[in-house]
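Note sheet for the following structure.
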Amino acid sequence: MTTEARTKTTHSTVQFAYLISQISTSLINATPTESAKHIEHALAALGSNDRKDRCYVFLFSDDYQEMSNTHEWVNQGISAHKDDLQHVPADAMPWFFHEMQVEGVILVNDTAQLPDEAAGFKTELLRENIQSMMAVGMYLEGRLIGFVGCDLVHRSCTWGDEDVRQMRLVADMITNTIARHRTESRLQQMEAELRAANTRLAQLAHEDGLTELKNRRGLDAALSSELSRLQRKQQQLTVMMIDIDHFKHLNDQHGHMVGDAALRCVAQELKHTLQRSGETIGRFGGDEFLAICPLLTAEEAQQRATSLLGGISACEGAAKLTVSIGLYTFIPTPATTSDEVLRKVDNAVYRAKHKGRNCFEIAS
């Protein structure tokens, strides 16, 4: 090699190293949405100064049964092939898949000289007018995940150690970027799962496991919120308490499984009858349920109570099921408390029991 050629090669190598350094910094700081652009800049650096005609990244599927072209850079006047190189099956070019998995690098100085067993691979290179190509494996935690490759279309060459070294530099940069983004993606997924789990735990803290309605804690929070909201707006609120008649006798005579079925039956009828948006229903105690119904008038409340009595009486079970209902319709004031509301509606239930059960009473 002449002094002039050696100087030119050294200058080219220094230029490449500087360019790769800049792109490496960009990749380190790139977000997942920006990384595609920076990876393509790295491929462009690999092919700059007409060193290559096409540079690209392929990723293998987890089972190595296919590969897809994920990033591509092409020189001026060179055809792009990224779109038609998606989900390329292993059986289309088994020699290439095997060599890449075993050796981790493939150097083709002259496509015409490929062995017979590489027929599928050779056909694809000829289809793309490739005279020479090189591919270097990308390894993540010791596992081959893909490769960085380059093609020469207008000429062929004998690849040297410096070509492979440069390719490995780019492959390592891109692998590190993919690894970081996969880690970030896993962390985001774990955070999302943790948020969902926390949301579910919060929900369970306010939910009755048997009936899947709100529990006492959830009802207390809902009632307090509605009292405050409707007091500001000076709008009506109806609160219903529903108490299963002779529930202790039902449990003693037929067993707790029948008692649980009765509770679920009442819960389903409440869900069916109280469907208006904003209404909250829940299990207040052992055999008591509470319904919090904003904007429900006294007349509408009585209609709902009548429907509930009929629906619950029709529940299938070991014994006829009835309930006693207390109703309280009012406009909250700043002095209205949850305890006061619950006391009034509970007294109405007591009067319905005293009246003969299977009926409703209105709180004064």
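The values are calculated or read from the model by the stated rules, or taken from the named source; none is laboratory data. Since we're looking at a predicted model, the values are computed, not measured. Counting neighbours? That spans all protein chains shown, and the Cβs are built from the backbone with ideal geometry, glycine included. Calculation scope for accessible area: heavy atoms of the full protein, side chains included, ligands and nucleic acids excluded. Shrake-Rupley method; radii C 1.70, N 1.55, O 1.52, S 1.80 Å.
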Quick one: check the C-alpha center-to-center distance for region 138-179 versus region 230-246, whole angstrom. 71
Sort 210-216, 161-167 by packing, meaning the average of other beta carbons within 10 Å per residue, with the highest value first. 210-216, 161-167
The helix 161-205 Cα axis meets the longest alpha-carbon principal axis of the chain at an angle in degrees, between 0 and 90 and rounded to 10, of 0
Net +/- balance of residues flanking ASP243 in space, Cβ distance below 12 Å, scoring K and R +1, D and E -1: 0
Surrounding charge for LEU194, neighbours by C-beta under 13 angstrom, Lys/Arg +1, Asp/Glu -1, total +1
Can you give me the % of accessible surface on region 122-242 that is carbon or sulfur? Probe 1.4 Å, all protein chains present, nothing else counted. 50
If the cut-off is 29 Å between C-alpha atoms, which lysines fall inside it for LYS248, apart from same-chain ones fewer than 8 positions away? LYS214, LYS271, LYS320, LYS344, LYS353, LYS355
Between the helical axis of 298-313 and the dominant principal axis of the chain, each derived from Cα atoms, what acute angle in degrees is found, rounded to the nearest 10? 80
Using alpha carbon centers only, region 278-333 is separated from region 334-350 by a whole-angstrom value of 15
Value of [θ]222 nm, deg cm²/dmol, for the chain, DSSP H segments ≥ 4, -39500 (n - 2.57) each, nearest 500: -17500 deg cm²/dmol
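Place the peptides 123-136, 174-187, 87-100 in order of packing, highest mean first, counting for every residue the other Cβ atoms within 10 Å and averaging per peptide.
123-136, 87-100, 174-187
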Of all the accessible heavy-atom surface of region 289-348, with the other protein chains kept in place and a 1.4 Å probe, what percent is carbon and sulfur? 50
Under 5 Å between amide H atoms, partner at least 5 residues away or on a different chain: which partners does THR322 have, H built in plane at 1.01 Å? ASP245
Would you tell me the accessible area of TYR139, worked out with a 1.4 angstrom probe on the heavy atoms of the protein chains, in Å² to the nearest 10? 100
Angle between the chain longest axis and helix 338-355 axis [Cα atoms, degrees, rounded to 10]: 50
Taking the Cα centre of the chain as origin, work out the dipole magnitude from +1 charges on Lys and Arg Cβ and -1 charges on Asp and Glu Cβ, in debye rounded to 20. 1760
Which residues among region 92-116 fall inside the zone where the amide N is under 17 Å from a point 7 Å beyond the Cα of THR158, along Cα→Cβ? 107-114
Taking the solvent-accessible surface of protein heavy atoms with a 1.4 Å probe, what is the per residue accessible area of region 205-265 in Å²? 52
Select from GLN189, GLN113, GLN86 the residue whose mean-square fluctuation is largest in a Gaussian network model of the chain (Cα-Cα springs shorter than 10 Å). GLN113
With a sphere of radius 13 Å drawn around the Cβ of HIS256, what net charge do the other residues whose Cβ falls strictly inside it have (Lys, Arg +1; Asp, Glu -1)? -1
For LYS122, the aspartates and glutamates lying under 12 Å Cα to Cα, once residues fewer than eight places off in the same chain are dropped, come out as ASP110
